[in-house]
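The values are calculated or read from the model by the stated rules, or taken from the named source; none is laboratory data. These numbers come from a predicted model, not from an experiment. Cβ placement follows ideal geometry from the backbone for every residue including glycine, while neighbour counts extend to all protein chains displayed.
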Amino acid sequence: MKKFINDPAQLVDELLEGYALAYPEFVRIVDKRLVVNQDLENQDRVTVVTLGGSGHEPAACGFVGNGLLDVSASGEIFVSPDTQTVVKAIQLADRGRGVLLIALNHTADMISSQQAVEICRSQGIQVNRVVIQEDISAAPRSQAQDRRGLVGCVPMYKIAGAAAAAGKSLEEITAIAQRFADQMATLVVGIQGATHPITGSLLAEFAEGDMEIGMGQHGEEGGGRQKLRSADDTAVLMASALLQDLSIQRSENVLLLVDGLGATTLMELFLIYRRCDAFLKEKGITITARRVGEFLTVQDAAGFQLFMARMDDELQQLWEAPCQSAYFTQLAHRPENR
């Protein structure tokens with residue numbers, strides 16, 4: 001393993017400090033592990049908070065900013081922050097209008113987030129939680145509670161953040177966020193496992209020429225080990241599975257996001273997007289929102305996450321609302337030829 005790090009015990013604190021020094025116009029660090037919107041004190045609205053382990057940069061700290069997240073609570077590498085850290089994040093974020101907490105469906109994240117919600121409610125803070133659980137390889141849609149949370153958290157930051165910026169109530173934002181969560185799906189393909197930046201342990205092993213459809217975010221086996229396919233074949237295989245899971249029909253609109261895991265090049269990601277775009281057009285399905293890049297990575301893992309969500313008029317308007325952060329900025333919407 002080759003990594004440019006210093007003291008492993010200080011890795012997370014140093015990476016967050018460096019991030020805040022690089023983007024002081026967007027964020028500041030509180031208590032070493034809370035990444036906070038620089039403009040938080042000037043807000044009179046519902047605020048949006050998330051939590052998660054470090055090592056997935058830019059998620060989630062890279063999406064703290066206007067029209068997105070207000071506070072991100074960070075844990076150790078691939079480890080959820082403890083309950084008290086999440087409680088501090090909610091307390092810090094609260095502007096008296098309520099707080100929406102976005103959590104990914106992983107055991108430790110669920111425990112920390114639920115306990116934090118209960119504590120904060122007992123203190124009189126209005127706080128609701130929405131869970132991201134969109135990994136279609138982990139369980140059928142009828143058992144969504146068993147699905148892992150993946151890159152769907154990032155478009156959720158955008159939708160929920162835009163709803164909060166628009167001045168909607170906590171109940172309204174929660175309903176919108178839950179509707180979006182219920183209409184999203186993600187599938188992961190891996191071709192190379194990550195190495196833990198502190199221990200050097202390999203999170204997943206692949207034979208030469210193999211790939212795995214359905215691999216988990218941290219290298220968990222997905223049961224889809226097979227020979228490596230071309231970019232076009234892989235794109236169609238994965239997009240077809242997402243369409244089937246969501247029951248997307250001709251004439252519907254979708255958001256499509258291609259997320260690199262850390263070691264996959266933009267060249268490859270654009271090849272995947274190209275074929276997905278053509279495939280959906282063949283099906284009579286319109287992509288009305290899109291992103292390609294690295295949003296939730298796993299160190300030096302290779303592969304990508306393909307995310308799809310059904311879009312309605314309200315979700316589309318929220319997606320098109322302007323926002324600004326270090327790793328996700330959107331200008332005021334301009335009409336496009338779709």
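Summary of values
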{"quantity": "Residue tally, condition more than 15 Å from LEU246 (Cα to Cα) and either touching a Gly at 6+ places or on another chain (Cβ under 7 Å) or at pLDDT below 95 (or both), over segment 303-323", "calculated": "5"}
{"quantity": "Of all residues in segment 10-34 being touching a residue at least 60 places away in the same chain (Cβ under 8 Å) and of a type in the set (A, V, I, L, M), the one that is nearest to GLY75 (Cα to Cα)", "calculated": "VAL12"}
{"quantity": "Output for segment 137-165, where each listed residue is outside any loop (DSSP other than H, G, I, E, B) and buried (at least 22 other Cβ atoms within 10 Å of the Cβ)", "calculated": "CYS153, VAL154, PRO155, MET156, TYR157, LYS158, ILE159, ALA160, GLY161, ALA162, ALA163, ALA164"}
{"quantity": "Any hit, segment 97-104, residues being in the same structural domain as ALA60 (by TED's automatic domain parsing) and over 17 Å from ALA160 (Cα atoms)", "calculated": "no"}
{"quantity": "Candidates GLY200, GLY193, GLY209, filtered to the one that is touching a Leu at 6+ places or on another chain (Cβ under 8 Å) and on the phi > 0 side of the Ramachandran plot", "calculated": "GLY209"}
{"quantity": "Unmet requirement for GLY223, which otherwise passes all of (1) in contact (Cβ under 8 Å) with a residue 40 or more places away in the chain; (2) in a loop (DSSP other than H, G, I, E, B); (3) closer than 25 Å to MET1 by Cα", "calculated": "(3)"}
{"quantity": "Answer from GLN43, GLN91, GLN84, GLN38 - the residue that is closer than 22 Å to TYR19 by Cα and either in contact with a Gly (Cβ under 9 Å, 6 or more places away or on another chain) or not small (Gly, Ala, Ser) (or both)", "calculated": "GLN38"}
{"quantity": "Helices (runs of 4 or more DSSP H) wholly inside segment 229-338 that include at least 2 residues being within 19 Å of the chain's Cα centre (by Cα) and within 24 Å of GLU57 (Cα to Cα)", "calculated": "266-282, 313-320"}
{"quantity": "Subset of segment 166-175 (residues that are in a helix (DSSP H, G or I), surrounded by fewer than 24 Cβ atoms within 10 Å (Cβ to Cβ) and not charged (D, E, K, R))", "calculated": "LEU170, THR174, ALA175"}
{"quantity": "Residue match in segment 241-258 (condition: surrounded by fewer than 17 Cβ atoms within 10 Å (Cβ to Cβ), touching a strand residue (DSSP E or B) at 6+ places or on another chain (Cβ under 8 Å) and touching a residue at least 40 places away in the same chain (Cβ under 8 Å))", "calculated": "no"}
{"quantity": "Subset tally (residues that are farther than 30 Å from GLY223 by Cβ and touching a Cys at 6+ places or on another chain (Cβ under 8 Å)) for segment 115-146", "calculated": "1"}
{"quantity": "Answer from LEU271, LEU296, LEU306 - the residue that is surrounded by fewer than 21 Cβ atoms within 10 Å (Cβ to Cβ) and closer than 22 Å to MET211 by Cα", "calculated": "LEU271"}
{"quantity": "Strands (runs of 3 or more DSSP E) contained in segment 1-89 and holding at least 3 residues closer than 28 Å to LEU202 by Cα and in the same structural domain as ALA166 (by TED's automatic domain parsing)", "calculated": "47-54, 71-77"}
{"quantity": "Considering residues of segment 90-126 that are in a helix (DSSP H, G or I) and of a type in the set (Asp, Glu) only, the residue surrounded by the fewest Cβ atoms within 10 Å (Cβ to Cβ)", "calculated": "GLU118"}
{"quantity": "Flag for PHE328 being surrounded by 19 or more Cβ atoms within 10 Å (Cβ to Cβ), aromatic (Phe, Trp, Tyr), in contact with a helix residue (DSSP H, G or I) (Cβ under 9 Å, 6 or more places away or on another chain) and within 16 Å of THR186 (Cβ to Cβ)", "calculated": "no"}
